[in-house]
There are 2 protein chains.
Amino acid sequence: MTFPQTDRTKLKRLPKRGHFDRETVYSILDEGFICHVGFTVDGQPFVIPTGYARAGDKLYIHGSQASRMLRSLAGEIDACATVTIVDGLVLARSAFHHSMNYRSVLILGRASLVDDPVEKYDALLALSEHIVRGRWADVREPTEQEMVQTTVLKLPIEEASAKIRTGPPLDDEEDYALPIWAGVVPLKLVAGEPVKDPRLTADVPVPEYAAHYKRPITS
Amino acid sequence: MTFPQTDRTKLKRLPKRGHFDRETVYSILDEGFICHVGFTVDGQPFVIPTGYARAGDKLYIHGSQASRMLRSLAGEIDACATVTIVDGLVLARSAFHHSMNYRSVLILGRASLVDDPVEKYDALLALSEHIVRGRWADVREPTEQEMVQTTVLKLPIEEASAKIRTGPPLDDEEDYALPIWAGVVPLKLVAGEPVKDPRLTADVPVPEYAAHYKRPITS
């Protein structure tokens, strides 16, 4: 299945970097866990980072009932959610051809409130598992009151596109002879040694998902 | 110096996470190198990732003359640039109190085209040095034609705020007794071994800035 290329998601420049197949779009969404959500209030665009989960063809985000972003988005206004994974710095021989390797997804649409309690619970579970798989089984689950204090929104993944750059620099033919180092510096988000809460009194071992955290999560 | 807290940058929720002093805002901007730029076209918000540099009280971005984003922004429309650095996953004893440690900056304003050739050259140099310090001295500099093909925009850093979360989870008092591991999984963008361009023919050594790349860049 592929997403339709609309006037708004079509790549005008470097169209070969554009991908519209569901597999590519989902694989990027499943590796990332932070999206930047854009929405407009009184003519002013705002871009706010937030965690997310993909479940099926929906992107779920959540937060406090009091969040300005969630309250605005719940009005089903036009929005954009962008997920970006930076894979490397591309060092060309010419300043002009420097670039980055990255994978990004842009989703356009309108989010709406998740009201149904079962869908809301499932979305919170999906958010937790998307970010730290295995965590949900260990934690104290949300109370009714906490559920009320939490707002969950869903954004349908219908108008979406991925943009990807990979590989070495592409220099002008005559520049390849220059004695300048060229290549890629790979970049990756890496987890360090877990830092335990100073108030952790019991002798609780570090769970595997925290001790060896990495993305994409595979199990 | 501090940035004014406007209705648009004031934190309505968790105001203790908000920071308006220039030092804090600049330190986040100087560590990051990707911003997510939000702008609205025909009522639809778009959020596009792009590299940036801070030079003084301006944020510079650049790209192809043909870029839809740059062409839109050059019309001096309302925009938002957000920089996010994720520092860790905060694992609380309750699902509800899970969080992330992060530092983010939000800048609201209108970008404008950098026309002056000296400022444009300086901005491209700043962009290059912000992302890979030391690189500019090694590369083949832009030709006149390449300068024409490159669009540079500046966004004044005037209406800006930082949002920061650090430290361990904050659980409800009664949950601290639960035998559940809690703490922080630190996250960091880390550089790997440089991958040389397969077409690198001469025996050019890997420069220090590529061999040991890390952020924030200090020198």
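Taken together, the values in this text are just the output of simple stated rules run on the coordinates, not laboratory data. Keep in mind that what you see is a predicted model, and the values were worked out from it rather than measured. Here Cβ is always computed from backbone atoms with ideal geometry, including for glycine, and neighbour counts include all displayed protein chains.
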Discussion item. With equal scatterers on the alpha carbons only and no solvent term, can you work out the Debye log10 of I(q)/I(0) for region B:1-44 at 0.14, 0.20, 0.21, 0.22 1/Å?
Written reply: -0.49, -0.87, -0.91, -0.95
Worksheet item: Got a sec to turn the phi values of region B:109-122 into Karplus ³J(HN,Hα) couplings, 6.51 cos²θ - 1.76 cosθ + 1.60 with θ = phi - 60°, whole Hz, x for Gly and Pro?
Response: x, 10, 7, 9, 5, 8, 9, 4, x, 5, 5, 5, 4, 4
Worksheet item: So what's the angle, to the nearest 10 degrees on a 0 to 90 scale, between helix B:22-31 and the longest Cα principal axis of chain B?
Response: 70
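Starting from 0.36 nm per residue, how many nanometres of slack lie between A:Val148 and A:Gln65 once their C-alpha separation is accounted for?
On the way: separation 83, 0.36 × 83 = 29.88 nm, distance 0.79 nm.
Taking 0.36 nm per residue and subtracting the Cα distance, the gain is 29.1 nm.
State, to one decimal in nm², a quarter of the convex hull surface area for the C-alpha atoms of region B:122-192, i.e. the direction-averaged projected area. Walk me through the intermediate numbers first.
On the way: hull surface 38.8 nm².
Dividing the Cα hull surface by four gives the mean projection, 9.7 nm².
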Worksheet item: Got a sec to turn the phi values of region B:146-153 into Karplus ³J(HN,Hα) couplings, 6.51 cos²θ - 1.76 cosθ + 1.60 with θ = phi - 60°, whole Hz, x for Gly and Pro?
Response: 5, 4, 5, 6, 9, 9, 10, 10
Worksheet item: How far apart, in nm, are the 7 Å Cα→Cβ label points at A:Thr2 and B:Leu170?
Response: 4.9
Worksheet, complete the sentence: With the charge dipole of chain B built from beta-carbon charges (+1 for Lys and Arg, -1 for Asp and Glu) about the Cα centre, the Cα from B:Gly183, B:Leu59, B:Ala79 projecting farthest to the positive end belongs to B:Gly183
Worksheet item: Quick one: label points 7 angstrom along Cα→Cβ at A:Ala74, distances to the other copies in nm, smallest first?
Response: 4.2
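How big is D, in µm² s⁻¹, for the protein assembly as shown by Stokes-Einstein at 10 °C and 1.306 mPa s if Rh is the Kirkwood radius over C-alpha pairs?
Values: Rh = 22.8 Å.
The Stokes-Einstein estimate is 70 µm²/s.
What full-extension length gain, to one decimal in nm, is calculated for A:Lys12 and A:Arg215 as 0.36 nm per residue of separation minus the Cα-Cα distance? Intermediate results must be reported in sequence, preceding the final value.
Details: separation 203, 0.36 × 203 = 73.08 nm, distance 3.11 nm.
Length difference between fully extended and current span is 70.0 nm.
Under the 0.36 nm per residue contour assumption, what length would be gained going from the current alpha-carbon distance of A:Ala74 and A:Asp57 to full extension? The partial results should precede the final answer.
On the way: separation 17, 0.36 × 17 = 6.12 nm, distance 1.85 nm.
Length difference between fully extended and current span is 4.3 nm.
Could you check how many percent of all C-alpha pairs in region A:16-67 are farther apart than 15 Å? Don't skip to the end; give the middle numbers.
Values: 789 of 1326 pairs.
Here the tail beyond 15 Å accounts for 60 percent of pairs.
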Worksheet item: Given springs between every Cα pair under 10 Å in a Gaussian network model of chain B, which of B:Ala95, B:Ala53, B:Ala191 has the largest fluctuation?
Response: B:Ala95
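Output needed for region A:69-219: three equivalent-ellipsoid semi-axes, defined as square roots of 5 times the C-alpha gyration tensor eigenvalues, in descending order, whole Å.
Values: eigenvalues 319, 132, 24 Å².
Semi-axes from the Cα gyration tensor: 40, 26, 11 Å.
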Worksheet item: Relative contact order (percent) for chain B, with alpha-carbon contacts under 8 angstrom and 6 or more residues of separation?
Response: 26
Practice prompt. Once the label point is placed 7 Å from Cα along Cβ, list for B:Leu113 the distances to the corresponding points in the other copies, in nm, shortest first.
Written response: 4.5
Practice prompt. Give A:Lys12/A:Lys154; B:Lys58/B:Lys120; B:Lys16/B:Lys154 a once-over and call out the pairs whose C-alpha atoms are over 20 Å from each other.
Written response: A:Lys12/A:Lys154; B:Lys16/B:Lys154
Discussion item. Can you list residues from other chains, or at least 5 along the same chain, whose modelled amide H is less than 5 Å from the amide H of A:Asp87?
Written reply: A:Asn101, A:Tyr102, A:Arg103
Worksheet item: Which of A:Leu153, A:Ala137, A:Pro198 sits closest to the plus end of the dipole of region A:60-219, meaning its Cα is farthest towards the positive end, when Lys and Arg get +1 and Asp and Glu get -1 on the C-beta?
Response: A:Pro198
Discussion item. Considering the Cα positions of region A:1-153, please state its Rg to one decimal place and its Dmax as a whole number of Å.
Written reply: 17.5, 59
Fill in: Per-residue Cβ neighbour rank within 10 angstrom, fewest leading, B:Met100, B:Met1, B:Met147
B:Met1, B:Met147, B:Met100
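Return the Rg/Rh value of region B:67-122, two decimal places, where both radii are evaluated on C-alpha atoms and Rh is the Kirkwood radius. Working shown, then result.
Values: Rg = 18.4 Å, Rh = 14.6 Å.
Result: Rg/Rh = 1.26.
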Worksheet item: Gap in Å between the Cα centre of region B:99-140 and the Cα centre of region B:181-199?
Response: 23
Worksheet item: If we hang a label 7 Å off Cα along the beta carbon direction at A:Asp203, how far is it from the matching labels on the other copies, in nm, shortest first?
Response: 5.9
Fill in: Backbone HN-Hα couplings from phi across region A:54-67 [Karplus 6.51/-1.76/1.60, Hz, Gly and Pro as x]
9, 9, x, 9, 10, 9, 9, 10, 8, x, 5, 3, 8, 5
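Using only helices, what value at 222 nm comes out for chain B when you add -39,500 (n - 2.57) per DSSP H run of length 4 or more and divide by the total residues, to the nearest 500 deg cm²/dmol? Mind showing how you got there, number by number?
On the way: 5 runs with 41 residues, N = 219.
The helix-only estimate for chain B comes to -5000 deg cm²/dmol at 222 nm.
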